[in-house]
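Throughout, read-outs are computed from the coordinates displayed, never taken from laboratory work. No experiment lies behind these values; they were computed from the predicted model shown. With ideal geometry, Cβ positions are generated from the backbone for all residues, glycine too; neighbour counts draw on all protein chains shown.
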Amino acid sequence: ATVKHAKPRREDDGDRSAPTRFAYGTAGFRTTATALRSTCFRAGAFAAARAMAHGGKTTGMVVTASHNPASDNGVKLVEPSGGTLPMALEGVAEMLANAEDGDAETQVRALREAMATAAPADAASANASARVFVARDTRESGRALADATLAGVHAMGVEAVDRGIATTPQLHYYVYCANVGADDSERAYYDRLSAGYAALTERDEDEDEDDDHGATVVIDCADGVGGVKLSSLGEAVAPYGLAFDLRNRGDEPTSSLNDGVGSDFVQKGKTIPTRGGFENLPAGTRCVSIDGDADRLVYFQTTAAGGVDLVDGDQLAVLIACWMNARVKEAAPYLNDITVGVVQTAYANGASTEFLTRELGAAPACVPTGVKHLHHRAEEFDIGVYFESNGHGTALFSPSASKAIEDATVEALVARDMPAVKALLALTNAQRVINPSVGDAMSGILLVEAILRRTVKAPRLGSFYKDLPSRQTKVVVADRTKIQTFDAERRVAEPEGLQDAIDAIVRASNDARCRAFVRPSGTEDCVRVYVEASEETRVEETTRAIVRAVE
Ligand code: 16G
Ligand code: ZN
């Protein structure tokens, strides 16, 4: 069958005759579902080529457009480590996706031949063991696009495994397990996470059982894949006293993916989901919203006025990093030179940055928007916690930190230093709750719930610091690529004069805590303006002035 290459949305508004290009963007190829068939076929072939290039490993592809509308779709590629595509290879993937129309099959044949000549000696054996796992979210277009992907993998002579419907982090986890020789089944995923949760929340004999009434958390599943998957996870954790009350599971006539529901809606609008009966919950109810592929989460508490106290990614990073840091300190005599570091983006509320700097004794690292940048930087820490304000994030333990924790546990046990043993076991069990490949909403919920339950004076979520008022605004311009930034998107390099204008506006606000930046979106045709200040009105004035400067 020949696969037609339909035209995706054009990025260049200027020259109508110029070919439209697919860009890998901040998180994979993403556009209207109908334009994606041939891209999926080629991306499948590319994932197969990656499996071969690694000498016959398993790679993966997820068909999803995350928090975007139901009519969109996209693909994300997964490396054998379970991680995302190395940035250096995005260009190659783009070349393949943008190759001339009509003959995807010919190009795939060429790619296949190129692979064979690149490593002629072991090409045959690499071919034999190479595999690609393909999964999709619940979008209607998913089945056909997964089929196109599987066909692309087959065209390379590589085994294609249809993993059905899965969250993005699940598929990453399956790929990771397949390559380290661990059980890559869905069952094993729930078993690992729930066993980790059980171990992390287990009470000692001398602790008062009466203190522990278990916990219930209300979850807005965004009418997406989380609806099904969280119900399986819920069954696995129920015996350990954690109950999920799942709303917006995508199984009702009114269900509509990411539409007035989900983490993007709740975080951007600072408001409760429009469906799922959140308005009827008692004030102070602990709730979570995830997105359409379950790789991000934000918490919130309902307020008496029907609003939300948002606990965004910045707040979650603080909760997790401070908890880890406290355990590291408790284990201090046995666990030397292990530091907990946090990675943020320019969007992180200044109050969170100040708080973390004080608590951890060092300023968090700041990197450009997009999970790949945060993840990469977090790997440089012993224990690296990263979150975007929008809820993408996780905690990473370096291999040497994991080893140091193991060794220290033995030493502390020998010394019968039980408080230290307890702290070290908590760090070990936290690693079992955490999906080791990528940030994962399901795993994040278990970690946060366990931390809240294990902390004697449980902090009210979101009570660490008070957010500075802030605002994000979209500005549509003729050509957003004219704006170039540096210093982790905090400063504009081009067009000339714009940064000076922003600086002058911020200075004129006469507010020492006023901060602003401008960056071109990586996912939409617009420029984003972020402003924070100590007062709402200051934020508004400053935003208005900067928008004028950008236009
Ligand atoms: C993508 C990114 C997200 C980022 C957002 C920014 C991943 C998995 N997703 O959704 O991290 O916050 O883009 O969008 O990396 P923007 O460039 O349009 O502001
Ligand atoms: Zn997502």
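Data overview
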quantity	calculated
Sites ALA188 and THR481, calculated FRET efficiency, Cβ-Cβ separation with R0 60 Å, nearest 0.05	0.85
For region 417-499, convex hull volume per residue from C-alpha positions, Å³	204
Taking only Cα atoms of region 190-310, radius of gyration then Dmax in Å	15.3, 50
Relative contact order, percent, region 470-550 [alpha-carbon distance under 8 Å, six or more residues apart]	37
Placed amide H near VAL385: partners under 5 Å, 5+ positions off or other chain	GLY341, VAL342, VAL343, LEU396
For ALA65, residues with placed amide H under 5 Å, excluding near neighbours	GLY74
For the chain: span of alpha carbons on each principal axis (Å, largest first)	68, 60, 50
Under-5 Å amide H pairs with SER470, H placed in peptide plane, nonlocal only	none
log10 of Debye I(q)/I(0), alpha-carbon scatterers only, for region 313-434 at 0.10 Å⁻¹	-0.29
Residue-averaged 222 nm ellipticity for the chain, from DSSP H runs of 4+ at -39500 (n - 2.57), nearest 500	-12500 deg cm²/dmol
Too-long pairs where the Cα-Cα distance tops 25 Å, listed order kept, from LYS229/LYS403; LYS329/LYS403; LYS372/LYS482	LYS229/LYS403
Relative contact order (%) - criterion: Cα under 8 Å, at least six apart; region: the chain	12
Loop sites in region 362-448: trypsin sites (Lys or Arg not before Pro), DSSP, at most 15 other Cβ within 10 Å	ARG416
Antiparallel bridge percentage (DSSP; both residues within the chain; nearest 5)	60
Among beta bridges that DSSP assigns inside region 313-434, antiparallel share in %, nearest 5	45
Under Karplus coefficients 6.51, -1.76 and 1.60, residue-wise ³J(HN,Hα) of region 318-323 in Hz, glycine/proline x	5, 4, 5, 5, 5, 5
R0 of 35 Å, Cβ-Cβ distance THR473-THR216: FRET efficiency to nearest 0.05	0.40
Ranked ASP251, ASP382, criterion: other C-beta atoms within 10 Å, fewest first	ASP251, ASP382
Unit charges on C-beta of K, R, D, E only; dipole of the chain, Debye	1040
Ranked packing of 51-62, 304-315, most packed first, by mean Cβ within 10 Å	51-62, 304-315
HN-Hα J in Hz across region 169-175 - Karplus 6.51, -1.76, 1.60, θ = phi - 60°, x for Gly and Pro	x, 5, 4, 4, 5, 4, 5
Alpha-carbon centroids, region 268-321 and region 336-354: separation in whole Å	22
Using θ = phi - 60° and Karplus 6.51 cos²θ - 1.76 cosθ + 1.60, couplings along region 417-423 (whole Hz; Gly, Pro as x)	8, 5, x, 5, 4, 4, 5
